[in-house]
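Report on the following structure.
The values are calculated or read from the model by the stated rules, or taken from the named source; none is laboratory data. This one's a predicted model, so the numbers in the text were calculated from it and none came from an experiment. Every residue, glycine among them, receives a Cβ derived from its backbone with ideal geometry; neighbour counts consider all protein chains shown.
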Amino acid sequence: MAGNKGVAKQNLRRLAAGSLLILQSMLIGTPAIAQKAEKDALTYGELLQKIDAGQVSRVELDPEQPIAKVQLAGQSADAPLQEVRILERDRELIERLRSKNVEIEVNSSANSRAAMWFLLNLLWILPLVALMLLFLRRSANAGSQAMNFGKSKARFQMEAKTGITFSDVAGIDEAKEELQEVVTFLKQPERFTAVGAKIPKGVLLVGSPGTGKTLLAKAIAGEAGVPFFSISGSEFVEMFVGVGASRVRDLFKKAKENAPCLIFIDEIDAVGRQRGAGIGGGNDEREQTLNQLLTEMDGFEANTGIIIIAATNRPDVLDVALLRPGRFDRQVIVDTPDLKGRLEILQVHARNKKVDPSVSLEAIARRTPGFSGADLANLLNEAAILTARRRKEAITILEVDDAVDRVVAGMEGTPLVDSKSKRLIAYHEIGHALIATVIKEHDPVQKVTLIPRGQAQGLTWFTPNEEQGLISRSQLLARITATLGGRAAEEVVFGRSEITTGAGQDLQQLTNLARQMVTRFGMTDLGLILLEDQNNDVFLGRDWMKRSESSEEIASKIDAQVREIIGKCYQKALEILQEQRSLMDFLVEQLIEQETIDGDAFRQIVDEYTQVDKEQLAVSR
């Protein structure tokens, strides 16, 4: 056993020694090669001996360095030359080389050093030159901008390829019909000039935001196919006096060169407001710009073939000189679409969307009274986003309903969990919906929900059966009564001491409505007289020193009439809910259980419950 252990120890020692040798060879292999190369290199003394022995065939000398490159006899021409350090200005070496007839070549490295020095200096000279060129270019641009400061910033298209035609504009047929004359004049002006007719120089598109004024202007340009200038009213105005007027002159100069053409000025109220108005006077730069615009439109020169189309949603603030015949002598009202218009707009925006065949665009149009074209486009886009988020293939009526709720009331919040708060909100919303259903003059209920949206913890939607241009007194009183239904339900169920702040927004709405009935619509005993003006244009200087339009006695009577209207409507709401207390409790339980009740289902419950009450009353008699 002891012998075997000794043999094992010897084997381990041999293995360790072999490993150390291998590692040493790996670590010092390169220095060994270097030592071998240094050993093979010629020294100065050996070089002299080989020259004397005739073993040197060629030597290259560098005047700038004390190094000689030596080629030995018998070496091939491709073999590397051996470098030998010599003495500076070694005359003895040169004499020995000449005496042995050794070929001597002199190659100076001064040229290569000069080239290297030039390249190194070029590395920092080039960035400096580039920086100087950048500064010069900026200075040139600044100079050109200074020269072009008064130039028009209008976007110009020689061929009006806007990609939009009248077929892409829906819901505003009356406006399209009036503007069709402009397109016909641009295409065939001889039809009008033959009978001595003149096309209006300016067309003012008036409408609420989102009704399609800019889209209509693009459609006119697309239909006419003439040069098209488009600019915003704010782009005329600068902080330097005279720049806006210069831009107006430059704009009309370019337009005359490309006549017949269209000029579209969006948001013209930014530059066309009434002159001399406002607190402390007007804006001198804006007024000069407006004066130049008025001169160009109907000044001493005739702008034949130039038609100006402007858009605004504030025609009441425009200067009267801008609206007179000869300038903007035609105003086209672009109003919110009616039921037919909304349906056409929905059909246009549904072209590039995957809509399920079960979705009725007509039903969506009936649910969205007062929506503009932009609102309807946003509605379908929100429905498409919800469809993609829910990983569906096509837009269904569920996505459309959720999109309508989101557009009208905001994003959906977390459903309520607290039973006390949930029950209180349920009674508040059922109070609105029940009174609106019982009073026949009120718009029908569309939906009642306890799902929070935006700032509201619960919501009740109403949808009119038809387009309402005029509203009767009974309808206004019905709206006030239904608006008070939430507060009345809280008082009937929980008592006057437990009423909440949930009716704050309701009170603001109904107070404004009742005050308008007294002061604007002449629906009370105060007579058929306008008692308050709704114009509050303080920035025009009209109401800065506001004069009361009625005496203190009339003002107190107005307040008394408003309180009387609201008091009678509130008393009526209390009576209805007290009579329908059992029905209200039943509806609240249904709403808490379902969280959302559709309008048709709500009316069906009310009708069935009312019918049962009538039958029970008949049996009891």
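Out of Ile435, Ile425, Ile385, I need the residue that is farther than 22 Å from Thr501 by Cβ and among the aliphatic types (A, V, I, L, M). Which one? Spell out the reasoning first.
Values: Ile435 fails: farther than 22 Å from Thr501 by Cβ; Ile425 fails: farther than 22 Å from Thr501 by Cβ.
Only one candidate qualifies: Ile385.
Quick one: which residue in Thr289, Thr295 is farther than 25 Å from Ala224 by Cβ, free of Cβ contacts under 8 Å to residues at least 24 places away in the same chain and part of a helix (DSSP H, G or I)? Before you say what the answer is, go through the steps one by one.
Working: Thr289 fails: free of Cβ contacts under 8 Å to residues at least 24 places away in the same chain.
Result: Thr295 is the single residue among Thr289, Thr295 that is farther than 25 Å from Ala224 by Cβ, free of Cβ contacts under 8 Å to residues at least 24 places away in the same chain and part of a helix (DSSP H, G or I).
Give the residues of segment 147-184 that are part of a helix (DSSP H, G or I), of a type in the set (A, V, I, L, M) and modelled with pLDDT of 75 or more, sorted by residue number.
Step one: list which residues in segment 147-184 are part of a helix (DSSP H, G or I), which gives 147, 166-168, 173-184.
Subset that is of a type in the set (A, V, I, L, M): 147, 175, 179, 182-183.
Ala175, Leu179, Val182, Val183 - these are the residues of segment 147-184 that are part of a helix (DSSP H, G or I), of a type in the set (A, V, I, L, M) and modelled with pLDDT of 75 or more.
Being without any contact (Cβ under 8 Å) to a residue 40 or more places away in the chain and not β-branched (Val, Ile, Thr) narrows it down to one residue among Lys218, Lys187, Lys201, Lys213; which is it? Working first, answer last.
Working: Lys218 fails: without any contact (Cβ under 8 Å) to a residue 40 or more places away in the chain; Lys201 fails: without any contact (Cβ under 8 Å) to a residue 40 or more places away in the chain; Lys213 fails: without any contact (Cβ under 8 Å) to a residue 40 or more places away in the chain.
Just a single option satisfies the conditions, and that option is Lys187.
Suppose we filter Asp40, Asp62, Asp52 for residues that are surrounded by fewer than 13 Cβ atoms within 10 Å (Cβ to Cβ), within 30 Å of Val106 (Cα to Cα), out of contact with any His (no Cβ under 7 Å at 6 or more places or on another chain) and modelled with pLDDT under 75; which single one remains? Step through it out loud before you land on a result.
Values: Asp62 fails: surrounded by fewer than 13 Cβ atoms within 10 Å (Cβ to Cβ); Asp52 fails: modelled with pLDDT under 75.
It is Asp40.
Can Ser474 be described as closer than 17 Å to Ile435 by Cβ and assigned by TED's automatic domain parsing to the domain that holds Ile439?
Values: closer than 17 Å to Ile435 by Cβ: yes; assigned by TED's automatic domain parsing to the domain that holds Ile439: yes.
The answer is yes for Ser474.
The conditions are (1) within 26 Å of the chain's Cα centre (by Cα); (2) assigned by TED's automatic domain parsing to the domain that holds Thr165, and Arg324 fails exactly one of them. Which is it?
In the conditions (1) within 26 Å of the chain's Cα centre (by Cα); (2) assigned by TED's automatic domain parsing to the domain that holds Thr165, Arg324 misses (1) alone.
Quick check on Ala363: is it of a type in the set (A, V, I, L, M), at negative phi and at pLDDT 90 or above? Full working, then the answer.
Working: of a type in the set (A, V, I, L, M): yes; at negative phi: yes; at pLDDT 90 or above: no.
It is false that Ala363 is of a type in the set (A, V, I, L, M), at negative phi and at pLDDT 90 or above.
Check Glu257, Glu223, Glu267 and return the single one that is surrounded by 20 or more Cβ atoms within 10 Å (Cβ to Cβ) and acidic (Asp, Glu). Explain how you work it out, then say what you get.
Numbers: Glu257 fails: surrounded by 20 or more Cβ atoms within 10 Å (Cβ to Cβ); Glu267 fails: surrounded by 20 or more Cβ atoms within 10 Å (Cβ to Cβ).
Checking each option against the conditions leaves just Glu223.
For Gly207, which of the numbered conditions (1) without any contact (Cβ under 8 Å) to a residue 60 or more places away in the chain; (2) small (Gly, Ala, Ser); (3) touching a helix residue (DSSP H, G or I) at 6+ places or on another chain (Cβ under 7 Å) fails to hold?
(1)
This table checks each residue for (1) in contact with a Leu (Cβ under 7 Å, 6 or more places away or on another chain); (2) at pLDDT below 90; (3) crowded, with 21+ Cβ neighbours inside 10 Å.
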{"site": "Gly413", "(1), (2), (3)": "no, yes, no"}
{"site": "Ala433", "(1), (2), (3)": "no, no, yes"}
{"site": "Ala436", "(1), (2), (3)": "no, no, yes"}
{"site": "Ile439", "(1), (2), (3)": "no, no, no"}
{"site": "Gln455", "(1), (2), (3)": "no, yes, no"}
{"site": "Ile471", "(1), (2), (3)": "no, yes, no"}
{"site": "Ile480", "(1), (2), (3)": "yes, no, yes"}
{"site": "Gly486", "(1), (2), (3)": "no, no, yes"}
{"site": "Glu498", "(1), (2), (3)": "no, yes, no"}
